[in-house]
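The values are calculated or read from the model by the stated rules, or taken from the named source; none is laboratory data. Since the structure is predicted, the reported quantities are computational estimates derived from the model, not experimental observations. No Cβ is skipped: glycine too gets one built from the backbone with ideal geometry, and neighbour counts run over all protein chains shown. Remember, those area values only see protein heavy atoms, side chains included, never the ligands or the DNA or RNA. Shrake-Rupley method; radii C 1.70, N 1.55, O 1.52, S 1.80 Å.
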Amino acid sequence: MRNTARWAVTLGLTATAVCGPLTVPATAALRAPSALVLTVGHGVGAAHAVPERAVTLSCAPMPFGTHPAAREACAELRGADGDFGALTPSDRVACTREYNPVVVTAQGVWQGRRVTYERTYANECVKNASATSVFAF
């Protein structure tokens, strides 16, 4: 009987050690979903532009997706409360006045609410200066 109890304890501890890291923390499980598809293309608007690059970005329970800087992009979106228009532009960049319009879009869900965003920038430099790391891919 003692051997059975020892095996049960060993099995229980092994299962906890193996499966414990796979579980999502309780606070993370309570967050509403945040999953977005971000695109970049050349054109005056999304209706006339063909997306040249697209990435996925999920921010809950943890940053992941095909976005190359998912952690930074999620932090910036959290700081702006998911409002893409409120992302702070960099004032340290000097761009030319070349007009080669670049359109960015975001569609998906941010903390449980539907998001659709579109913005056209004068050129790639202005986009990179304005959109921080969210649209830098």
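Of note:
- Of the peptides 84-92, 34-42, 53-61, the order by per-residue mean of other Cβ atoms within 10 Å, starting with the highest, comes out as 34-42, 53-61, 84-92.
- Apolar share of the accessible surface for the range 70-128: 46 percent from carbon plus sulfur atoms, 1.4 Å probe.
- Cβ-derived FRET efficiency at R0 22 Å, V50 paired with T88, nearest 0.05: 0.15
- Stretchable slack from A122 to R71, in nm (0.36 nm times residue separation minus alpha-carbon distance): 15.6 nm
- Phi-based couplings in Hz for the range 102-115 (Karplus 6.51, -1.76, 1.60; Gly and Pro marked x): 10, 10, 10, 9, 9, 9, x, 10, 10, 6, x, 10, 5, 10
- Residue-wise HN-Hα couplings along the range 79-85, as the Karplus relation 6.51 cos²θ - 1.76 cosθ + 1.60 with θ = phi - 60° gives them from phi, are x, 9, 6, x, 8, 5, x Hz; Gly and Pro carry x.
- With R₀ fixed at 41 Å, the C-beta to C-beta distance from V37 to C95 puts the FRET efficiency at about 0.95.
- Area accessible to solvent at E118, 1.4 Å probe radius, in Å²: 100
- Computed over protein heavy atoms with a 1.4 Å probe, the accessible surface of the range 66-108 works out to 64 Å² per residue.
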